[in-house]
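In what follows, a structure is listed as structure tokens, so that the remarks can point back to it.
The values are calculated or read from the model by the stated rules, or taken from the named source; none is laboratory data. What you are looking at is a predicted structure, and each value in this text was computed from that prediction instead of being measured. Here the Cβ positions follow ideal geometry from the backbone for every residue, glycine too, while neighbour counts run over all protein chains shown. Ligands, DNA and RNA are excluded from the accessible area calculation, which covers all protein heavy atoms including side chains. Shrake-Rupley method; radii C 1.70, N 1.55, O 1.52, S 1.80 Å.
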Amino acid sequence: MTENDAAHLIGRVQELVSARYILQDRAPSIVSHLSAGEAELTGLDPETTATVLTRRLHRASNDRHLRIRYRPDGAAPNFAGAEHEARHAAEAPRKAGGLRRVELLADGIGLLQIAPSLSPVHLAEPYVRAAFTLLSSATALVLDLREGRGGTPETVALICGHLLGNVPVHLQDVEELSGPPRQFWTTPAATRINGPIRVLTSHATFSGCEELAYNLQALGRATTVGETTGGGAHPVEAFRLTDVLELHLPVARSVNAITGTNWEQLGVQPDLPCPADQARETALRDLRSTVPSPSGDTPHPEQGTG
């Protein structure tokens, strides 16, 4: 990258941050931190450029959603573009829409692991429907978000529709710098889990998966078990910077319908704190102290359906 190219790239990032970053009071500081950075980028390849610029953005903002992404197969102008749709469509079957593991233990407790991220709702829906059909007889649920890195509000609302009863529930509003807020409500699903829920979290749990944990905790529907999450609450848009570089910029604010705020930079706080690698057994032990097994016996902690 030449010095002129670097100057143009930095200028474009500064322009977008100034105009679209949701935390407008912090935008001038971020813009200032990027100034006079051309020399640091001169001579770098695009992938290294993305890493260096992201590091500078994080130092200035402490916002893990704000970053530069290297896209060797082509940068997209926005998340609604054909480039991202093609990526998501190719990924969804490989990761089952983000539903990595579904299991029903012999004592009636269901396990659902979400990782690495939830697919957009139109791609995730068949996998979500199948998972909750398999779990329809569960007397309780352990929802494992420890490796969950994200997902859209629409997909989160879809999952909540299987967990929050038979009437629509207002989850959150998403507010942008201009225009009316977008409301997100559940649509009650035919297959629902009505028993107690334990949500497993880690320091790596982020973004849309944090929203899922936060929603269920705020509504008093679940007990969170594990570690404080990563603290990324603000919805993001993609902007093409070059043929292979995208800026991912928080352009909206999540406002929970119960708390009136969100988990940005604070994370979701666990109700039962413990190391992430102990969260599953802690949750199962807690559930088994309150939910009897179908046989009335206390099962072995690892007893399952195979």
Give just the number: which of (1) out of contact with any strand residue (DSSP E or B) (no Cβ under 7 Å at 6 or more places or on another chain); (2) more than 26 Å from Ala276 (Cβ to Cβ); (3) open to solvent by less than 50 Å² (accessible area, probe 1.4 Å) does Asp73 not satisfy? (3)
Determine whether Val225 is surrounded by fewer than 20 Cβ atoms within 10 Å (Cβ to Cβ) and part of a strand (DSSP E or B). no
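Name every residue in region 283-300 that is modelled with pLDDT of 75 or more and either open to solvent by 30 Å² or more (accessible area, probe 1.4 Å) or over 20 Å from Leu212 (Cα atoms) (or both), in order of residue number.
Here is the first cut: in region 283-300, the ones modelled with pLDDT of 75 or more are 283-290.
Residues satisfying the conditions are Arg285, Asp286, Arg288, Ser289, Thr290.
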Working carefully through the options Glu40, Glu85, Glu91, find the one that is at pLDDT 95 or above and in a helix (DSSP H, G or I). Glu91
Members of region 161-194 found to be within 18 Å of His234 (Cβ to Cβ) and either of a type in the set (Asp, Glu) or in contact with a Gly (Cβ under 9 Å, 6 or more places away or on another chain) (or both), listed by number: Asp173, Glu175, Glu176
Just the residues that are closer than 23 Å to Gly230 by Cα, buried (at least 20 other Cβ atoms within 10 Å of the Cβ) and touching a Ser or Thr at 6+ places or on another chain (Cβ under 7 Å), please, taken from region 28-64. Ile30
If we ask which residues in region 155-187 are open to solvent by less than 40 Å² (accessible area, probe 1.4 Å) and either in a loop (DSSP other than H, G, I, E, B) or in contact with a His (Cβ under 8 Å, 6 or more places away or on another chain) (or both), their number turns out to be 8
Within region 189-222, residues open to solvent by 40 Å² or more (accessible area, probe 1.4 Å), farther than 16 Å from Ala138 by Cβ and either in contact with an Asp or Glu (Cβ under 7 Å, 6 or more places away or on another chain) or touching a residue at least 24 places away in the same chain (Cβ under 8 Å) (or both) come out as His203, Gln217, Leu219
Quick check on this structure: which one of Phe79, Phe132 is among the aromatic types (Phe, Trp, Tyr), closer than 30 Å to Gly161 by Cβ and either open to solvent by less than 60 Å² (accessible area, probe 1.4 Å) or not in a loop (DSSP other than H, G, I, E, B) (or both)? Phe132
